Amino acid sequence: MNYTFQFAAVLEELPYLLGGAVVTLQIAFASFWGGAVIGLFGALAKVYGGVVARRIAAGYVTLLTNTPALVQIFLLYYALPDAGILLEPMTAVLIGLVLNAGAYLTEILRAGVLSVRRSEIEAAATLGMSQLQIVRYVMLPHIAKTIYAPLSNFFVWLVLGSSLAALFGVEELTGRAINISTANLRSIETFTIVAAIYIVLTVIASASLALVGRWAFRVKAKVF
Amino acid sequence: MHHLEIRNISSSYGKLEVLRDVTLSADKGEVVSLIGPSGSGKSTLLRVLIGLTPPTGGNVYIGGNKVDYNSRKSLKDLRGHMAIVFQQYNLFQNMNVLRNVTIAPVKIKKKPREEAEVRARGLLQKVGMEEKADAYPDELSGGQQQRVAIARALATSPEILLLDEVTSALDPERVKEVLDTIRSLTHEGITLIIVSHEMAFVREVSTRVAMMDQGKIVEVGPPEQIFRSPVESRTRDFVSKILSH
Ligand SMILES: Nc1ncnc2c1ncn2[C@@H]1O[C@H](COP(=O)(O)OP(=O)(O)OP(=O)(O)O)[C@@H](O)[C@H]1O
Ligand SMILES: [Mg+2]
């Protein structure tokens, strides 16, 4: 092989790529928290809901976890305009990922909801807590503690999975990498560096999630 | 009218009738104990009183006001006057002792945190747990957890406190410390409804004792009557059996 690596040209673009990494994290955070809200209601509906609520939650999860996220976003982006709804690429990506994350998080959170001891919920009720306060002060901490590991993994998946936004022209990390490599024709170098940035992002994400878990929920999570 | 009036309360789990026409009252500061065989409905009666199990008939009055168990507002109101401690000390595992005791005053009664903490430390001292204020429930023995649970219930300043077999999950040497704690509550004007199998204790602290069997109250009277000269043969059988243990 007589290919000479030239990283210098790519490193010049590092600030541009790091800017993309910030967008990547933003997409991951937004989808994670949006999905977590949907997932919490979905999980509560599945465990404590009536027949109708349970059916709706189950249908939603089945539909969204059995189709690729990419296909869901394509539908939002290309099919909705026919119904008169035009979405920006970023909006379509965010809505798609939030709905998708919501379905997976419903299942993850359900395991957590099931881990809450009924006796603690009853004790909270007899102290006069409202339903919302019971969720907030008694159930969520248990849920968070039980599902910490799958939740962290899922966040990492979202950081990586958000790269599909590039297909819609969103300039996050992968999108910017494509821009650079089409201009400088140094694909190997560009994507090597991008891969390294992804690793740094996910390692930082996992480590900070573990720290948050230790601090907030007394989870004995490994930081590394 | 009495401070707490239970009138013709019935309750069922599905088709199983667990309480039938239970009528019982307690004056302010009274200590009324419920005794009776396993499955006679003692726990269910306490659960109905605090609104965890719906009654199928009858009414409960507190201070002359009827409790509406179907209304959230009425339930919240009720739980501002009444608290319960269960057999299985169900402390909030994710909170330390101090937070377990302050959560209701701070989040429900909207007391300032400092004020609630000062009061909580006082209550913890009362139950002999002030040194464990920062410990988490899983770091405490059963007896210690149960004493914290009592402090947590007292933190809501209940006029009526329900205690459901609070010592029966404990080792014998832990029972005494919890009974001592309860004994210290009997002269504070709190109305206590106690379910217990500790007959010597029931006899010592109760102003009245109610004997339950198959969802009904068979006999109510002062402890001397129930333990020495019961009127009903069912009470006599139960008491002689349990005292001969
Ligand atoms: N959640 C429930 N679902 C169905 N049946 C129940 C439930 N809880 C209690 N029961 C039934 O109700 C009856 C009364 O139970 P309860 O717990 O009130 O009795 P108890 O007097 O407290 O007994 P113990 O001394 O054993 O605690 C029993 O027949 C019991 O099997
Ligand atoms: Mg019982």
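Note on residue B:176: aspartates and glutamates with a C-alpha under 17 Å away, same-chain residues under 8 apart excluded, are B:164, B:165, B:198, B:204. For chain B, the solvent-accessible area with a 1.4 angstrom probe is 44 square angstrom per residue.
Take each residue of peptide A:135-142, count the partner chain Cβ atoms within 10 Å of its Cβ, and average: the result is 3.
Taking each pair of distinct Cα atoms in the protein assembly as shown once, what is the resulting Kirkwood hydrodynamic radius in Å?
Evaluated on the protein assembly as shown, it is 26.2 Å.
Pairs exceeding a 20 Å alpha-carbon distance, out of B:15/B:216; B:73/B:216; A:145/B:111; B:76/B:107; B:28/B:107; B:73/B:110: B:73/B:216; A:145/B:111; B:28/B:107.
Of the chymotrypsin sites (Phe, Trp or Tyr not before Pro) found in the stretch A:3-37, those that fall in a DSSP loop while having at most 10 other beta-carbon atoms within 10 Å are A:3, A:5. Each part reduced to its alpha carbon centroid, the stretch B:166-242 and the stretch B:117-148 end up 26 Å apart.
Here r is the Cβ-Cβ distance between residue B:27 and residue A:115 and R0 is 45 Å; the resulting FRET efficiency, rounded to 0.05, is 0.55. Over the Cα atoms of the stretch A:8-216, the radius of gyration divided by the Kirkwood radius equals 1.06; this is the Rg/Rh ratio. Pairing chain A with chain B buries about 1900 Å² of accessible area. This figure sums both sides and uses a 1.4 Å probe.
Karplus-based coupling profile of the stretch B:16-33, in residue order and whole Hz: 7, 7, 9, 10, 10, 6, 7, 10, 7, 9, 9, 7, 4, x, 6, 10, 10, 9, with θ = phi - 60° in 6.51 cos²θ - 1.76 cosθ + 1.60 and x standing for Gly or Pro.
Average accessible surface for the stretch A:1-137: 54 Å² per residue, computed with a 1.4 Å probe over protein heavy atoms with every protein chain in place. For the stretch A:103-220, the Stokes-Einstein estimate of translational diffusion at 25 °C and a viscosity of 0.890 mPa s comes to 144 µm²/s, using the Kirkwood hydrodynamic radius over alpha-carbon pairs. Counted as membrane-span-like here are DSSP H helices of chain A whose alpha-carbon atoms extend 30 Å or more along the helix's own axis and whose Kyte-Doolittle mean is 0.0 or above; these are A:14-48, A:89-114, A:187-217.
One way to sum up the overall shape of the stretch B:7-63 is the equivalent ellipsoid from its Cα gyration tensor, whose semi-axes run 19, 14, 9 Å, largest first.
Taking the 1.4 Å solvent-accessible surface of the protein assembly as shown as the whole, the part contributed by carbon and sulfur is 58%.
Give, to the nearest whole percent, the P(r) tail of the stretch A:175-214 beyond 16 angstrom, counting all Cα pairs. The share of Cα pairs beyond 16 Å in the stretch A:175-214 comes to 47 percent. Computed on the Cα atoms alone, the convex hull of the stretch B:4-243 gives a volume of 126 cubic angstrom per residue.
With the simple spin-label model, which puts each label point 7 Å out from Cα in the Cβ direction, the residue A:185 to residue A:52 separation comes to 6.4 nm. In this simple spin-label model, placing a label point 7 Å from the Cα along the Cα-to-Cβ direction at both residue A:195 and residue B:2 gives a separation of 7.9 nm. All Cα-Cα separations within the stretch A:1-132 were binned at 5 Å from zero, giving a P(r) of 2, 9, 13, 14, 14, 12, 10, 8, 7, 5, 3, 2, 1, 1, 0, 0, each value a whole percent of the pairs.
Hey, can you list the residues from the stretch B:80-117 whose accessible area shrinks by 40 Å² or more with all protein chains present, relative to the chain by itself (probe 1.4 Å, no ligands or nucleic acids)? SASA drop of 40 Å² or more in the stretch B:80-117: B:90, B:92, B:93, B:94, B:107, B:108. Could you tell me which of rounded, prolate or oblate describes the stretch B:66-209, using a ≥ b ≥ c as the square roots of the eigenvalues of the alpha-carbon gyration tensor, with rounded for a/c under 1.5 and, failing that, prolate when a/b is larger than b/c and oblate otherwise? Oblate, since a/c reaches 1.5 and b/c is not below a/b. Net charge of the neighbourhood of residue A:26, taken over other residues with C-beta under 14 Å away and scored Lys/Arg +1, Asp/Glu -1, is -1.
Give the Debye-formula value of log10 I(q)/I(0) at each listed q (0.13, 0.19, 0.27, 0.30 Å⁻¹), with one equal scatterer per alpha carbon of the stretch B:131-192, two decimals each. For the requested q values the scattering log ratios are -0.35, -0.74, -1.26, -1.37.
The values are calculated or read from the model by the stated rules, or taken from the named source; none is laboratory data. These figures come from a predicted structure and were not determined experimentally. As a convention, Cβ positions derive from the backbone with ideal geometry for all residues, glycine included, and neighbour counts pool all protein chains shown. Please note that ligands, DNA and RNA were not included when accessible areas were found on the heavy atoms of the full protein model with its side chains. Shrake-Rupley method; radii C 1.70, N 1.55, O 1.52, S 1.80 Å.
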